[in-house]
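**Student:** Sending over a structure as structure tokens; questions will come in a sec.
The values are calculated or read from the model by the stated rules, or taken from the named source; none is laboratory data. This structure is a prediction, so every number in the text was calculated from the model and none was measured. Virtual Cβ from ideal backbone geometry, glycine too; neighbours counted across all protein chains shown. Ligands, DNA and RNA are excluded from the accessible area calculation, which covers all protein heavy atoms including side chains. Shrake-Rupley method; radii C 1.70, N 1.55, O 1.52, S 1.80 Å.
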Amino acid sequence: RKGNVIITGASSGLGLATAKALAETGEWHVIMACRNFLKAEKAAKSVGITKESYSVMHLDLASLESVRQFANTFRRSGRPLDALVCNAAVYLPTAKEPTYTAEGFELSVGTNHLGHFLLARLLLDDLKQSDYPYKRLIIVGSITGNTNTLAGNVPPKANLGDLRGLAGGLNGIQSSAMIDGGDFDGAKAYKDSKVCNMLTMQEFHRRYHEETGITFASLYPGCIATTGLFREHIPLFRLLFPPFQKYITKGYVSEEEAGGRLAQVVSDPSLTKSGVYWSWNKNSESFENQLSKEASDAEKARKLWEVSEKLVGLA
Ligand code: NDP
């Protein structure tokens, strides 16, 4: 049978390119988990994904109710689940004030981390039950959360501190809208959320890899300077960022190339190692990359897990 893979945020950028790459192998049915049904349908058509190799299912990660509904609807579809890709993200670098999810969490961390945290926890059993030769849970990370890299050192730097803002509900009322309890900064909130993604992947690995045989992985696909992620940025940035990445940092990858990389982490039979953060070298070969001190802090990962469980109503 074909493998079944859920990709969140498959309506544009990296998620769409990955959906296309996997669908084209003929070995995968892609469930595009998207907040905008029509946009996702149009996107799938525009890149030529054939009708029988995908379905669109509604998921709004900025609402925990929607995440729960998605998990139920998916289960009712009767499809086994062989891979889950947590890819969707929002990035709000120019926001002056925080905005919030349906449950009142700051939007970047609420969407990128808490929505995916609940989704992955709810679908873990489904993955566990898969009889596919390999089963994988992938959470897309980023270099920007890694302060051991040049890109990760561009201010404002990621820093979760002692998680006091998150523990307080991240709602801007009783607590700060920032994980570390500081003043709101949209760019930092995104980077913090990416650190959460990478910590969560490792905590999943520690808690569940042995018991379930699921491969947990994260990755930095390269700088895909052309995606919708930068849509909220100022126009001059959007104009100069792609050539800057292409010619100065040389970190630029096309959406197609990045999609091929993520598809590799989903389906390459040799990438079965769990707990790994993948990156690619200049020759486009994958290698196990090092995470920053904070993004590999096991104690922080455990604490993040416990606080997140409470916020999404699992504990
Ligand atoms: P895009 O903005 O192109 O794609 C983001 C996707 O997330 C869109 O499909 C968007 O849906 C979806 N999304 C946003 N909010 C929600 C929500 N509440 N519920 C469901 N879906 C939602 O960005 P990219 O493709 O660049 O980003 C994909 C991943 O890659 C992210 O995890 C990002 O952090 C990571 N990444 C990107 C890099 C880059 O250089 N671009 C570098 C490193 C990592 P909609 O189409 O409806 O807006």
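**Student:** Kindly list, by first and then second residue, each pair from a residue in the stretch 129-153 that is open to solvent by 10 Å² or more (accessible area, probe 1.4 Å) to a residue that is within 11 Å of the ligand (Cβ to nearest atom) and β-branched (Val, Ile, Thr), limited to pairs with Cβ atoms under 7 Å and residues at least 6 apart or on different chains.
**Tutor:** Note: pairs meeting the criteria are Thr149/Ile143; Ala151/Ile143; Ala151/Thr144.
**Student:** Also: Quick check on the stretch 257-281: of everything there that is within 12 Å of the ligand (Cβ to nearest atom) and assigned to a helix (DSSP H, G or I), which residue is most open to solvent (accessible area, probe 1.4 Å)?
**Tutor:** Among residues in the stretch 257-281 that are within 12 Å of the ligand (Cβ to nearest atom) and assigned to a helix (DSSP H, G or I), the one most open to solvent (accessible area, probe 1.4 Å) is Glu257.
**Student:** Condition (residue is of a type in the set (Gly, Ala, Ser), under 17 Å from the mean Cα position of the chain (by Cα) and part of a helix (DSSP H, G or I)) applied to the stretch 17-27: is it met by at least one residue? Can you show your working first?
**Tutor:** The first filter runs over the stretch 17-27 and keeps only residues of a type in the set (Gly, Ala, Ser), leaving 17, 19, 21, 23, 26.
Filter once more, so that each one left must be under 17 Å from the mean Cα position of the chain (by Cα): 17, 19.
Next, only the ones that are part of a helix (DSSP H, G or I) stay: 17, 19.
Checked against the condition, which is being of a type in the set (Gly, Ala, Ser), under 17 Å from the mean Cα position of the chain (by Cα) and part of a helix (DSSP H, G or I), the stretch 17-27 yields at least one hit.
**Student:** Which of the numbered conditions does Ser284 fail, given that it passes all the others? Conditions: (1) among the hydroxyl-bearing types (Ser, Thr, Tyr); (2) surrounded by fewer than 18 Cβ atoms within 10 Å (Cβ to Cβ); (3) in a strand (DSSP E or B).
**Tutor:** (3)
**Student:** So which residues in the stretch 164-223 are over 30 Å from Leu127 (Cβ atoms), touching a strand residue (DSSP E or B) at 6+ places or on another chain (Cβ under 8 Å) and within 16 Å of the ligand (Cβ to nearest atom), if there are any at all?
**Tutor:** Within the stretch 164-223, the first condition is being over 30 Å from Leu127 (Cβ atoms), and the residues that meet it are 164-165, 168, 171-178, 180-188.
Cutting the leftovers down to touching a strand residue (DSSP E or B) at 6+ places or on another chain (Cβ under 8 Å) gives us 171-172, 177-178, 184.
Residues satisfying the conditions do not exist here.
**Student:** Return yes when Lys157 is touching a residue at least 40 places away in the same chain (Cβ under 8 Å) and touching a Ser or Thr at 6+ places or on another chain (Cβ under 8 Å) and no when it is not.
**Tutor:** Values: touching a residue at least 40 places away in the same chain (Cβ under 8 Å): no; touching a Ser or Thr at 6+ places or on another chain (Cβ under 8 Å): yes.
No; evaluated as a whole, the condition is false for this residue.
**Student:** Condition first: near the ligand (Cβ under 10 Å from one of its atoms), assigned to a helix (DSSP H, G or I) and either touching an Asp or Glu at 6+ places or on another chain (Cβ under 9 Å) or at pLDDT below 95 (or both). Now tell me which residues in the stretch 28-67 satisfy that.
**Tutor:** Residues satisfying the conditions are Ser66, Val67.
**Student:** Continuing with the same structure: Against the definition (within 12 Å of the ligand (Cβ to nearest atom) and over 24 Å from Ser270 (Cα atoms)), how does Leu107 come out, yes or no? Please lay out each step first, then the result.
**Tutor:** Numbers: within 12 Å of the ligand (Cβ to nearest atom): yes; over 24 Å from Ser270 (Cα atoms): yes.
Yes: the conditions hold for Leu107.
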